[in-house]
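I'd like to ask you about the structure that follows.
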Amino acid sequence: MDDTNPSDGRGGQPVTILAVRPHPDDESTSTGGMLAYYNARDVRTGVVICTGGEEGEIHDPDLDPVADRPRLGEIREREARDACAILGVAEFRMLGYRDSGMLDTPGNEHLAAFMNADRDEATGELVRIIRELRPSVIVTEPPGGMYPHPDHVMCYEISVEAFQAAGDAKAFPEAGQPWRAEKLYGIAQVDDGAWEALMPKFTAAGFDMSWAERSESNSRGPGPDTATVALDVRPYSEQQRQALLAHRTQVPPDSFLVSLPPELRRLAFATAYFVRLSPSSAPSEHELDLLEGLD
Ligand SMILES: [Zn+2]
């Protein structure tokens, strides 16, 4: 991977798709299949990770959860770089903030926490990366984040702002030549019924699925029709699994994510869904893939 940072912002080859994600490992979960899908089609991709993931757990048996904690940000950056190499990502950048931790945890107090960042400064940093890498398409969190973690929320907010500002010559003039990406997508959290249908097979394969059972308070999400793009990522299931395994501190080898039998895993994580945020998509609008309509 090339992570040189040419001062004129015009030194390298552009990427076509840029994924902006909050923590090391987020690139491999809901965007891992997508990144592998485009790599297989010789589309250059890039990943920006906003924080070092310093508030994460340490599951790697080769590390000491206490002694190695101060190095966790550094370790997780390495894991994310390894995962991105597996996913064929051409350009990797860190935005440089500290993991804020879950809401109402001590990590929130840290001055360097992403949630406490100056909004303009964080947007300006992302604008600089967008102007350097010149993506046609940017993929980020859904509105409000994948889940109510402050870094996921912040990632969405600055992505929307930076997507707009990067093309505006008057915004952040010190952050390079203006570059207008054509489309912005959010990851779409839709329920296509696949998990519900597979639940008996998960249980039969010996997995305790009580954590995933639907309750009345955990009702069915929006249907797959609400997504603009549905990518069939089944062929990249093993590649995505290898990328997840690169996150040794976060994903123990017996984790559900990586230990399902291959065929079950392909079915469980068959489709990656995205919704076009800008230009905003009509409710029933569908595109074949993220690059539809581009040259
Ligand atoms: Zn995350």
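Can you check what the net charge comes to around P224, using other residues whose Cβ is under 11 Å from the Cβ of P224 (Lys, Arg +1; Asp, Glu -1)?
Surrounding charge for P224 is -3.
Continuing with the same structure: Exposure proxy check: M115, M154 ranked by fewest other beta carbons within 10 Å?
Lowest to highest Cβ neighbour count: M115, M154.
Filter the GluC sites (Glu not before Pro) in the stretch 47-89 to those in DSSP coil with at most 15 other Cβ atoms within 10 Å of their Cβ, and list the result.
In loop regions of the stretch 47-89 (DSSP not H, G, I, E or B), the sparsely surrounded GluC sites (Glu not before Pro) are E57.
Now for a separate question. Report the net charge of residues surrounding H110, where surrounding means a beta-carbon distance below 10 angstrom and charges are Lys +1, Arg +1, Asp -1, Glu -1.
-3
Arranged by the count of other C-beta atoms within 10 angstrom, fewest first, what order do D62, D25 take?
Going from sparsest to densest Cβ surroundings: D62, D25.
Let me ask something additional. Could you tell me what % of all Cα pairs in the stretch 12-288 have separations over 35 Å?
Cα-Cα pairs of the stretch 12-288 separated by over 35 Å account for 14 percent.
Now for a separate question. Using DSSP to call loops (not H, G, I, E or B), can you name the trypsin sites (Lys or Arg not before Pro) in the stretch 200-295 whose Cβ has at most 11 other Cβ atoms within 10 angstrom?
R220
Let me ask something else about it. Counting DSSP beta bridges in the chain, what percent are antiparallel, to the nearest 5?
Antiparallel bridges: around 30 percent, rounded to the nearest 5.
At a 10 Å Cβ-Cβ cut-off, how would you order D99, D64, fewest neighbours first?
Lowest to highest Cβ neighbour count: D64, D99.
Please state the charge dipole magnitude for the chain, taken about the Cα centre, from unit charges on C-beta atoms (+1 on K and R, -1 on D and E), reported in debye and rounded to the nearest 20.
The dipole of the chain has a size of about 620 debye.
Right, another one. Considering amide H positions built from the backbone, and no H for Pro or chain starts, which residues 5 or more places from Y185, or on another chain, come under 5 Å of its amide H?
Those qualifying (amide H under 5 Å, at least 5 residues apart or on another chain) are I138, V139, T140, L277.
No lab work stands behind these numbers, since they all come straight from the coordinates. Everything numeric here is computed off the predicted structure, so don't read it as measured data. Cβ atoms come from the backbone with ideal geometry, glycine included; neighbour counts cover every protein chain shown.
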